[in-house]
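The values are calculated or read from the model by the stated rules, or taken from the named source; none is laboratory data. What you see is a predicted model, and the numbers here were worked out from it, not measured in a lab. Using ideal geometry, Cβ is built from the backbone for each residue, glycine included, and neighbour counts are taken over all protein chains shown.
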C-alpha cells in the first residue's frame, strides 16, 4: 500500500469515527453546562444531574421502562430459543420458509407499522375477549414480539455453528435428550442467549414508536417522556439523562463484548 | 442439534406449537387486522372504524369493505409526495452512507488483526446507545445557535447562522448517522474475507491501484454493498423519529404521515392503508435487493 | 555472495545487495544474485527463509530497504508492479472469481489497451496452449485444481513477460498431479524460452526442475549452483543436510588437505579436499558413497559398527549402521552390491569404508 493511499484511508477512518462520536461527545460536554440556554457555555456544573434526580416523573418512567424491558427481553429469548430450534428441525421446506418469514418479519417491517398493527390487535382483542388492558402489559407484549425476531437471529446463528457431534457424543454417553439439552446445548448457547437478551432489552428500552401506539393511560415509558420533551426542543436535563444512558450502555456493551470476544470458540466447528 | 427419542420429540412439539401460536397471534394476525381496518371506513366512536362484516337481515354477514382510503392515498398529492420523497430520501441517504462507509470498511479490513477488533467495536458501539438520543444530539448541534453554526460564524465562513435543523438536509444527516454501522459491517465482512492476492494479481497484470480497485475489489465487494444498502434503505423508508425530530414541516415521509393520520387526525383506516402501502414498498424493495444479492453471489 | 550466471551477457535479473525487513525483523538480508536469460531458477528454503519475500521484491510487491533490483539492466526501484516486465503465478493462483476463464486471461491484455481482435486471438492461443480452449466461458470455481493451475499459467504468460515468477506453483496439487506438472513446467519453459524463477520449499522439486538453485536461510543466500553442485559439493552442513541425506562427522584438521580427527567417529579420517591445519570442519559422506563389508577391506577409511535396520526401496537398500563410537550412519547399496555382501542380519558386525575423494570437507 502506498503512503498516499494509507493516508487517505486513515483520514476516511478518522472522519467516520469523528462523525459517529462527536455528536455524542458534544452532548455529554453540554450536559455539564450550568446555563439553561443549552447552546451557551457558562461553567461546569452537575446542576442538571441533580434536577434529574428530583424529576419524579422521569424516575418513574425509567423504572417502568426497565421493568418492561426486562420482562419483554426474557420472553423474547425464551421464544427466540424455541424458534431457533424449530427453524433448525422444521420440515418440509415450505413450512420452514413460512415459519422463518413470520419469525423474521419484524426485522424489516417499519416500527410505525408494528406499532399500528399491535395496537389494532389489542383493540380487537379488548373488544372481543376483554384482554389485555392497554398499558405496560401491551407494551411488553409488543416489545417481546419484535424482540423475539432479533433473539431468534442471534441464537440461531450460534446454533448453526454448534458441532452436531457434540450432542451425539452426549447421547452416546447416555444422556437423555433433556439432559443433553440442559448440560451440553444450553451452556454452549448461553453466550448467544445472553446477547439476544441484551439486544431485546436495549431495543425495548429505546423504543418510542411502538410504545406510543400501544400504551394506555398511566403507562409512560422513559422514551415517551424523552420524546415528548425533545420534540419541544433541546433541554439540558435531557442532555444529562442522555449522558447517563450512553455511559451505562457503553459500559454494559463493552463488558458483554469482552466476555464473548472471538477468543471463545469452544464447541464450534473448526 | 438433534433431540432424538420420545421425550425429545414431545418437547419439540411443545416448542414448535407454542412459538407458532405466538407468531400467528402476534405477527400474522396484527398484519391481517391492519389490512382489514384499511378496508373499513372511519367513524366516531370506539373503535374509530366501521366493522368489516355486518350481520344484517340475511343469513350471511355482509362484507362492508371500502377502498376509500386507498383512493385517497392515490389521488391526494400529499400522500403521493410522501411516497415519492420517502423513496428519494431513503435512496440518497443510503447512497451517502455508502460513500462514507465503504472507505471505513476498507480501512478496517486492511488494518492489523488486533486493531480490527477495536475498530469494529467502535463502529458497533453507537448502535447500542439509544437511537432516540443520538437523533436528539443532532437537534442541539444543528440549532440556529448551536455548536455548528457558532463554529462557522466564529471561523468567518458565514455571517448569518444557517438554517440546518428542520430541513431535508438534517433528515439525510440523521439517517446517515444512525445507519452508518449497518453499511460498514456487511461491506467489511466481504472485504475481510477477500483474498488480497487478487489485488496483487491485478497489479501484476498491469492494473494501476485504482484500476485494480475498480476491476477487482469493487465487483467482489458488491454483495456487501447490496446487503448494506438493504439494511439502510429499508428501515429508512419507514423512518419516523428522524423526519419528526430533524425534518421540517414539509419533509414528508410515509412513516411520519402515518403517525399524523393516526394520532392527530384519528383516521385509523387511512393510517392502516398507508401502513399497507408502506409494507408493500418495503417488501418489494427488500425482495428486489435480495434477488440482486443472490444473483451477485451466484455469479 | 555473488553468483554469476551466463558470463559476459547482461543477466536478465540482477539483485544487488537487497535487504528488506518487516517490523524490524529482517526477511531478506543483503542478497546479491544474477539470473541469466532462459534459466529455470529455483529459490529453495524452509518457511521464513525469505525466499518468497525475495520473489515479491522482484515482482515489485515489496520495496527493498536497501539495494536494488535490475531487470535487463534496468533499475526497477521506481517501477511499481504494474509497470514491470514480469508476471507472477500465485500460490493460490489468485484467479478472479467474478470473471470467466477467458476474461481472466484477457485481463492483463485489456490493461495494456490492446485492440479487441488482438486480445481475442491471444487469449484463444494461450488457452489452446494449455488445452483449456473449451473452458473459456467457465468460472474458476467450476474448474479442477489442475485446470486452475493451467489458467493461472496462461494468464501470466499471455502478456509475454521477460520473466515468469512462480510462487509455490504446485503446492495446491496432489502428489500424482504434481509430478506431471513438474515435467510440464520444465517443458513449458523450453517452449516459451523465457526465464522462470520459482519459489519452493520442496528440495526434490527444486532438484528435478531447476537449472540452478539458490538455497536460502535466514534471509541470506546459503549456496547457489546447479542441482549437481549443491548435491555433490555442498559448502555447508546446512546445504548438505537440505539436499538429500548426509552422514556428517564433526572434527578438526590434523593434517592440511589430508586428515581430520573426528571424535564422533573415534578415528582420524583421510580426506582429499583442501583444508587448513587446526580448522574445525565437518566431513560429509553421501550414503551411496559408503561401502559395507563383513571383513575389513583394504581402504584408507574403515570404521566398524553394528548393522541396524535394512530398508528396501526397490532400486536400492538403505542400511542403518551404528558405529562403535555410537554415531549412526546410513549407507545406500544397489541390489547388486547387496547381493555381493551375502546374508546379513540385524546385529551383525560390519565394516564401513569409503575413498578419501568421496568425502567432502565442509568448513561451515
Please count how many residues of segment B:23-80 are in a helix (DSSP H, G or I) and either within 14 Å of another protein chain (Cβ to nearest Cβ) or crowded, with 16+ Cβ neighbours inside 10 Å (or both).
22
Filter pass, residue A:134 being out of contact with any strand residue (DSSP E or B) (no Cβ under 8 Å at 6 or more places or on another chain), over 30 Å from residue B:45 (Cα atoms) and more than 7 Å from every other protein chain (Cβ to nearest Cβ)
no
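Only one of these is crowded, with 20+ Cβ neighbours inside 10 Å and modelled with pLDDT of 90 or more: A:74, A:81. Name it.
A:81
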Among strands (runs of 3 or more DSSP E) entirely within segment C:32-150, at least 1 residues that are more than 14 Å from every other protein chain (Cβ to nearest Cβ) and under 20 Å from residue C:20 (Cβ atoms) occur in C:40-44, C:66-71
Given (1) more than 9 Å from chain B (Cβ to nearest Cβ); (2) assigned to a helix (DSSP H, G or I), identify the lone condition not met by residue A:27.
(1)
So, restricting to strands (runs of 3 or more DSSP E) that lie completely within segment C:200-259, which ones have at least 1 residues that are over 9 Å from the mean Cα position of the chain (by Cα) and closer than 26 Å to residue C:333 by Cα?
C:247-255
Answer residue from segment A:150-182, given it is free of Cβ contacts under 8 Å to residues at least 24 places away in the same chain and in contact with a helix residue (DSSP H, G or I) (Cβ under 7 Å, 6 or more places away or on another chain) and is nearest to the other protein chains (Cβ to nearest Cβ) among those:
A:177
Cβ-Cβ under 8 Å pairs, at least 6 apart or on other chains, segment B:138-161 side at the interface with chain A (Cβ under 7 Å from one of its Cβ atoms), far side surrounded by fewer than 16 Cβ atoms within 10 Å (Cβ to Cβ) and part of a loop (DSSP other than H, G, I, E, B)
B:139/A:233; B:145/A:40; B:145/B:161
With the requirement that a residue be within 15 Å of residue C:337 (Cβ to Cβ) and over 30 Å from the mean Cα position of the chain (by Cα), what does segment C:300-325 give you?
C:307
With the structure loaded, tell me whether residue A:128 is more than 8 Å from chain B (Cβ to nearest Cβ) and surrounded by fewer than 16 Cβ atoms within 10 Å (Cβ to Cβ) or whether it fails that test.
yes
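Being touching a strand residue (DSSP E or B) at 6+ places or on another chain (Cβ under 7 Å) and without any contact (Cβ under 8 Å) to a residue 40 or more places away in the chain, is that true of even one residue in segment B:82-94?
no
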Taking segment B:277-299 and keeping only residues that are more than 16 Å from the chain's Cα centre (by Cα) and surrounded by 13 or more Cβ atoms within 10 Å (Cβ to Cβ), one is left with B:292, B:293, B:296
Go through B:133, B:108, B:100 for me and flag whichever is part of a helix (DSSP H, G or I) and more than 7 Å from chain A (Cβ to nearest Cβ).
B:108
So in segment B:224-265, with the set limited to residues that are assigned to a loop (DSSP other than H, G, I, E, B) and more than 8 Å from every other protein chain (Cβ to nearest Cβ), which one is surrounded by the fewest Cβ atoms within 10 Å (Cβ to Cβ)?
B:249
Give the residue that is nearest to residue C:194 (Cα to Cα), with candidates limited to residues of segment C:125-163 that are in contact with a strand residue (DSSP E or B) (Cβ under 7 Å, 6 or more places away or on another chain) and crowded, with 18+ Cβ neighbours inside 10 Å.
C:163
The one condition residue C:265 fails out of (1) over 15 Å from residue C:352 (Cβ atoms); (2) buried (at least 16 other Cβ atoms within 10 Å of the Cβ); (3) at pLDDT below 90 is (1)
Somewhere in segment A:132-155, is a residue over 23 Å from residue A:121 (Cα atoms), surrounded by fewer than 17 Cβ atoms within 10 Å (Cβ to Cβ) and under 17 Å from the mean Cα position of the chain (by Cα)?
no
Mind checking whether some residue in segment A:34-51 is part of a helix (DSSP H, G or I), at the interface with another protein chain (Cβ under 7 Å from one of its Cβ atoms) and more than 30 Å from residue C:80 (Cβ to Cβ)?
no
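Look at residue A:220 and say whether it is closer than 29 Å to residue A:78 by Cα, in a loop (DSSP other than H, G, I, E, B) and under 19 Å from the mean Cα position of the chain (by Cα).
Against the criterion (closer than 29 Å to residue A:78 by Cα, in a loop (DSSP other than H, G, I, E, B) and under 19 Å from the mean Cα position of the chain (by Cα)), residue A:220 qualifies.
Answer with yes or no whether residue C:73 is farther than 21 Å from residue B:196 by Cα, in contact (Cβ under 8 Å) with a residue 24 or more places away in the chain, surrounded by fewer than 23 Cβ atoms within 10 Å (Cβ to Cβ) and in the same structural domain as residue C:168 (by TED's automatic domain parsing).
Yes, satisfied.
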Among the listed residues C:96, C:107, identify the single one that is more than 15 Å from residue C:143 (Cβ to Cβ) and either surrounded by 19 or more Cβ atoms within 10 Å (Cβ to Cβ) or touching a helix residue (DSSP H, G or I) at 6+ places or on another chain (Cβ under 9 Å) (or both).
C:107
Qualifying residue in segment B:203-210 (condition: within 14 Å of chain C (Cβ to nearest Cβ), modelled with pLDDT of 90 or more and surrounded by fewer than 16 Cβ atoms within 10 Å (Cβ to Cβ)):
yes
When segment C:268-290 is checked residue by residue, the ones that are under 18 Å from residue C:235 (Cβ atoms) and outside any strand (DSSP E or B) are C:271, C:272, C:273, C:274, C:275, C:276, C:279, C:286, C:289
Over segment B:187-202, the set of residues surrounded by 23 or more Cβ atoms within 10 Å (Cβ to Cβ) and in contact (Cβ under 8 Å) with a residue 40 or more places away in the chain is B:187, B:188
Test for residue C:47: is it under 22 Å from residue C:186 (Cα atoms), in the same structural domain as residue C:147 (by TED's automatic domain parsing), in contact (Cβ under 8 Å) with a residue 60 or more places away in the chain and surrounded by fewer than 17 Cβ atoms within 10 Å (Cβ to Cβ)
no
From A:69, A:95, which residue is part of a helix (DSSP H, G or I), without any contact (Cβ under 8 Å) to a residue 24 or more places away in the chain and either more than 9 Å from chain B (Cβ to nearest Cβ) or touching a strand residue (DSSP E or B) at 6+ places or on another chain (Cβ under 9 Å) (or both)?
A:95
When restricted to C:155, C:180, C:150, the only residue free of Cβ contacts under 8 Å to residues at least 24 places away in the same chain and closer than 25 Å to residue C:82 by Cβ is C:150
